[in-house]
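The values are calculated or read from the model by the stated rules, or taken from the named source; none is laboratory data. Worth saying up front: this structure is predicted, and the values here are computed from it rather than measured. Cβ placement follows ideal geometry from the backbone for every residue including glycine, while neighbour counts extend to all protein chains displayed.
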Amino acid sequence: MPIAHLPLAVLLIVLSGVLMSAPAAASGGWEKGALYFLQQCLNAVQVGAFYGLLAVAYVLIYGICNRINLAFGALAMWAGYLTVAGITILAVLSPLGLAATIVLATLYAVAGTAVLGYVVQHSVVRPLIRAVSLAMLIATVGLAIVLEEAVRIARDSRERWLQPLFAEPVRLFGTGDFSIHITPMRALILLASLGLSAALIGFISRHRFGRMWRACSQDIAMAALCGINVNAVLASVFLLSAAYAGASGAIIALYYGNVSFYMGTVLGLKTLLAAVVGGLGSVAGAVAGGFILGALESFWSAYFSGDYRDVAVLGILMGLMIWRPNGLLTPAIRRDYDRA
């Protein structure tokens, strides 16, 4: 998004909050309405932070091979199940404290998902990189179905739940009638998500690997001619993108406290739309798209009927795509058009 558009975006958000708080203001509750709006802003940042992690996975792969991998939602679901299973097993068998149990289970889920992504890259994706455009798309749809059905059969189609972890609300500020709260778990999730997003943006911007990724995203054939090991970069990108999808799935499991085998489909499609809105090919755009998705979901759930939340959110995202087809943070145009 151009810098000139940022004040307009902030103004629209503030104006929407004022309008949504108008009913409370009419009854003399301006302060309560404003605090409620700020609470929703905090919720939106928390939700958007882990959506951004999953959107980044789409961008990393699309940037280097100009293809969409529709299996990332299923990989996030896989990581969610690994997180729940890891916490359950460690809580029973290990004398570690709760914080250490959560950290180890999360690392186990991220590592397991990254390894799965690496295996997928070698067995499914790499042979199809130079195939016709739809081959990889269809193959990753099949892969997503395989993962979801494997979990469904293994877990008897049942959702898995976690007991509330570090769920005591902490009051930040407010009045006696209404206060803004956050739980320790959600604060840790927010810090971890923002830290991972900032680390990846800095890594892609400044590290040598980021320069190689950008070179391949501009012109993969010329990058190979210049001495870049394209296959090694591709393998590293799949490992990294699967790890970020795993981190998103683990955080979602900790945030909501439950996982299901069917969550990957809707989660993956919504996050893909968010990545397209932010700008495929731009890591920062993917993070921005995730925050837009989180803000739309949080504010719609807070002020309107939740039954139509997904309908409204997806409709707004499609409207943003029509408005800016190349994304809010427009990526550089690829030069190898024959692979588009």
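Here are the numbers:
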item	result
Residue match in the stretch 57-67 (condition: of a type in the set (Val, Ile, Thr), farther than 21 Å from THR106 by Cα and modelled with pLDDT of 85 or more)	yes
Residue, surrounded by the most Cβ atoms within 10 Å (Cβ to Cβ), within the stretch 116-165, restricted to residues that are basic (Lys, Arg) and farther than 30 Å from THR101 by Cβ	ARG126
Per-region count, the stretch 184-210, residues out of contact with any strand residue (DSSP E or B) (no Cβ under 7 Å at 6 or more places or on another chain) and surrounded by 13 or more Cβ atoms within 10 Å (Cβ to Cβ)	17
Answer residue from the stretch 106-134, given it is in a helix (DSSP H, G or I) and small (Gly, Ala, Ser) and is modelled with the lowest pLDDT among those	SER133
Residue count, the stretch 252-268 (criterion: in contact with a strand residue (DSSP E or B) (Cβ under 8 Å, 6 or more places away or on another chain) and in a helix (DSSP H, G or I))	2
Every residue from the stretch 238-262 that is crowded, with 23+ Cβ neighbours inside 10 Å, among the aliphatic types (A, V, I, L, M) and either more than 14 Å from the chain's Cα centre (by Cα) or over 14 Å from ALA57 (Cα atoms) (or both)	ALA250, ILE251, ILE252, ALA253, LEU254, VAL259
Residue check, VAL103 assigned to a helix (DSSP H, G or I), over 19 Å from TYR118 (Cβ atoms), of a type in the set (A, V, I, L, M, F, W, C) and out of contact with any Ser or Thr (no Cβ under 9 Å at 6 or more places or on another chain)	yes
Any chance GLY249 is in contact (Cβ under 8 Å) with a residue 40 or more places away in the chain, touching a strand residue (DSSP E or B) at 6+ places or on another chain (Cβ under 9 Å), under 19 Å from VAL151 (Cβ atoms) and outside any strand (DSSP E or B)	yes
Options LEU280, LEU254; residue that is closer than 23 Å to ALA111 by Cα and touching a residue at least 24 places away in the same chain (Cβ under 8 Å)	LEU254
Residue, farthest from SER205 (Cα to Cα), within the stretch 285-295, restricted to residues that are hydrophobic (A, V, I, L, M, F, W, C) and under 12 Å from the mean Cα position of the chain (by Cα)	LEU293
Helices (runs of 4 or more DSSP H) (entirely within the stretch 171-241) containing at least 1 residues that are β-branched (Val, Ile, Thr)	184-206, 220-225
Matching residues, the stretch 217-229, being modelled with pLDDT under 85 and under 21 Å from TYR118 (Cβ atoms)	SER217, ILE220
Any hit, the stretch 145-152, residues being among the β-branched types (Val, Ile, Thr) and assigned to a loop (DSSP other than H, G, I, E, B)	no
Test: residue in the stretch 297-306 that is more than 12 Å from the chain's Cα centre (by Cα), crowded, with 24+ Cβ neighbours inside 10 Å, more than 25 Å from CYS65 (Cβ to Cβ) and at pLDDT 85 or above	no
